[in-house]
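> Okay, handing you the structure first.
The values are calculated or read from the model by the stated rules, or taken from the named source; none is laboratory data. This structure is a prediction, so every number in the text was calculated from the model and none was measured. Ideal geometry is used to build each Cβ from the backbone, glycine not excepted, and the neighbour counts take in all protein chains shown. All accessible areas refer to the heavy atoms of the entire protein, side chains included, with ligands and DNA or RNA removed. Shrake-Rupley method; radii C 1.70, N 1.55, O 1.52, S 1.80 Å.
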Amino acid sequence: MKTLDDVDVEDKRVLLRVDFNVPLDDGHITDDTRIRAALPTIEELRGRGAKLVLASHLGRPKDREPELSLRPAAQRLGELIQAPVQLAPGVVGDEVRAEADALRPGDVLMLENVRYEPGETKDDPGLAHGLADLADVYVNDAFGTAHRAHASTEGVAHLVAQHAAGRLLEREVDTLEGLFKSPRRPLVAVLGGAKVTDKIGVIDRFLEVADALLIGGAMAFPFLSVQGHTVGDSKCSADDLEPAQRALAAAERARCRFELPVDLVLGDRFDAGAEVRPLDGVDVPAGWMGLDIGPATASAYGQELAAAGTVFWNGPMGAFELEPFAAGTRSVAEAVAASPALTVVGGGDSAAALARFGLADAVDHLSTGGGATLELVEGRTLPGVQALAAAGIAP
């Protein structure tokens with residue numbers, strides 16, 4: 001994969017794909033983490049004399065809904081870099097091309113939401129060529145969309161002679177692939193969340209290379225069910241039972257220790273006002289649902305994390321958004337933050353949990369990807385990354 005070290009950007013138009021898919025509330029950005037994550041690449045390119053053309057998506061527009069314009073992101077970026085950020089009138093076309101051609105070194109132009117163009121998610125060659133017309137160099141720093149073969153993440157990379165990964169994407173790939181190349185041991189993976197089917201590829205990969213795999217969240221119940229435990233009203237999809245059975249069989253053959261909860265916190269319904277009941281054991285009675293790991297499990301997982309050399313965590317241990325069921329996730333988050341290991345945390349709910357508990361800055365690497373993180377950990381090829389390694393230019 002080519003990086004910024006491999007491209008000449010001085011006085012060149014650089015099409016920079018970023019991930020500014022930020023949460024908005026009535027037109028105001030409520031979390032600018034993704035914008036801040038792109039700053040090292042943006043500032044380096046500006047400092048090297050590049051003329052920046054930024055591309056990003058925002059949400060899933062059906063048409064050109066004004067509430068999904070990137071204007072708030074352009075304004076916020078301008079505040080962060082203390083320089084004007086011009087918003088283009090569209091994504092491609094003569095008017096946009098004229099504005100890109102008028103840029104001076106250090107200037108920043110942001111294209112409108114690339115998903116305003118229906119060809120974006122179809123990797124449309126026409127749109128890819130339109131984007132390529134805006135660039136002398138293409139840089140992809142949007143790791144969160146690198147698993148999508150879209151026009152602005154994959155198609156355009158084949159049409160621009162100089163192309164490279166930005167610093168954020170470079171760090172994401174190096175860190176996540178490093179988990180499997182030469183991890184400092186013990187390598188301990190903590191996986192939570194809702195469904196086994198969503199993470200069976202990640203489970204299989206860690207069973208091959210990790211020293212310990214710790215399971216929490218609703219994902220634990222299919223494993224407990226196939227072991228013969230009662231799960232009550234806990235979330236336990238029938239679709240998860242077969243892959244859970246298969247993973248348990250693989251765990252028996254693996255050198256990796258596969259750990260499941262030994263106690264739970266129950267609720268009579270999924271609600272912050274639910275009746276709460278601790279359970280010493282994992283057989284959930286009828287009328288109750290397991291909504292968090294119990295203190296004995298949290299303590300055991302904490303000990304594993306304290307002794308780890310490398311930690312990967314993805315997925316909460318329970319319904320942490322409901323305060324009565326937040327203790328298990330909080331305990332694991334604190335243990336990850338306190339661990340002397342190299343700590344790598346997947347995006348999504350794990351990132352939200354760290355932010356909620358004030359621990360986002362206490363881990364070594366907090367991934368900006370959701371699906372991209374999981375697919376790379378599974379060992380799958382990401383189209384947006386593969387395109388940066390491709391030699392030659394498509395016709």
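> Using only Cα atoms, locate the centre of the range 1-61 and the centre of the range 148-221, then give the distance between them in Å, rounded to an integer.
Between the Cα centres of the range 1-61 and the range 148-221 lies a distance of 22 Å.
> OK, next. So what is Rg over Rh here for the range 299-374, counting just Cα atoms and using Kirkwood for Rh?
So for the range 299-374, dividing Rg by the Kirkwood Rh gives 0.94.
> Right, here's the next one. Express the accessible area of the range 260-395 per residue in Å², computed with a 1.4 Å probe while the remaining protein chains stay in the model.
Averaged over the residues of the range 260-395, the accessible area is 39 Å².
> Same structure again: Per 0.36 nm of contour for each residue apart, how much would the distance between D174 and A286 grow if the chain were fully extended, relative to their Cα-Cα spacing?
Value of the extension gain: 35.7 nm.
> Compute the signed sum of charges (Lys and Arg +1, Asp and Glu -1) over the other residues within less than 12 Å, Cβ to Cβ, of A251.
0
> Can you tell me how much longer the chain between A296 and E378 gets when fully stretched, taken as 0.36 nm per residue apart minus their C-alpha distance, in nm with one decimal?
26.5 nm
> Mind pulling the angle between the C-alpha long axis of helix 196-209 and the longest principal axis of the chain? Nearest 10 degrees, somewhere in 0 to 90.
The angle comes out near 90 degrees.
> Now, a different point. R0 = 56 Å: FRET efficiency of E252 with Q86, Cβ-based, nearest 0.05?
Once rounded, the FRET efficiency stands at 0.40.
> Give me the one-decimal nm value for the distance between modelled label points at R185 and T3, 7 Å along each residue's Cα-to-Cβ direction.
For the pair R185/T3, the computed spacing is 2.7 nm.
> Next question, about the same structure. With viscosity set to 1.002 mPa s and temperature to 20 °C, compute the Stokes-Einstein D of the range 1-71, Rh being the Kirkwood radius across alpha carbon pairs; µm²/s, no decimals.
Translational D for this selection: 156 µm²/s.
> So, one more: Hey, which of these cross-link pairs are over 31 Å Cα-Cα: K51/K181; K12/K181; K2/K195; K12/K199; K51/K199; K2/K199?
K51/K181; K12/K181; K2/K195; K12/K199; K51/K199
> Using a Gaussian network model of the chain whose springs link C-alpha atoms within less than 10 Å, name the residue from A251, A353, A274 with the highest mean-square fluctuation.
A274
> Give me log10 I(q)/I(0) at q = 0.07, 0.14 Å⁻¹ for the chain, Debye formula, one equal scatterer per alpha-carbon, no solvent.
Listed by q, the Debye log ratios stand at -0.36, -1.14.
> Also: Need the C-alpha centroid separation for the range 238-281 versus the range 303-353, integer Å.
16
> Just by accessible area at a 1.4 angstrom probe, what is the order of C236, C256 from largest to smallest?
Listed by decreasing accessible area, they come as C236, C256.
> A further question on this structure: With a cut-off of 18 Å, note down the residues of the range 210-249 whose backbone N falls inside the zone around a label point 7 Å from the Cα of D271 toward its beta carbon.
Answer for the range 210-249: 233-235.
> Pull up all non-local amide H partners of R257: gap of 5 or more, or a different chain, and H-to-H distance under 5 Å with H placed in the peptide plane.
A212, L213
> A follow-up question, please. Debye sum, Cα scatterers, the range 252-315, no solvent: what log₁₀ I/I(0) at q = 0.14, 0.27 1/Å?
Result of the Debye calculation: -0.53, -1.14.
> Using Cα springs under 10 Å in a Gaussian network model of the chain, which residue among R60, R46, R17 shows the largest mean-square fluctuation?
R60
> What angle do you read, to the nearest 10 degrees and between 0 and 90, between the alpha-carbon axis of helix 295-306 and the longest principal axis of the chain?
Once rounded, the angle reads 50 degrees.
> Would you mind getting the Kirkwood hydrodynamic radius of the range 20-176 from its Cα pairs, rounded to one decimal in Å?
15.7
> If all Cα-Cα distances of the range 54-96 are sorted into 10 Å bins from 0 onward, what percent lands in each bin, rounded to whole numbers?
Spelled out bin by bin, the range 54-96 gives 25, 52, 22, 1 percent.
> Just to be sure I understand the model, the point goes 7 Å from the Cα along the line to the Cβ. What's the resulting E67 to T230 distance in nm?
4.6
> Still on this model: Note down the nm distance, to one decimal, between modelled labels 7 Å out along Cα→Cβ at D361 and at E44.
2.2
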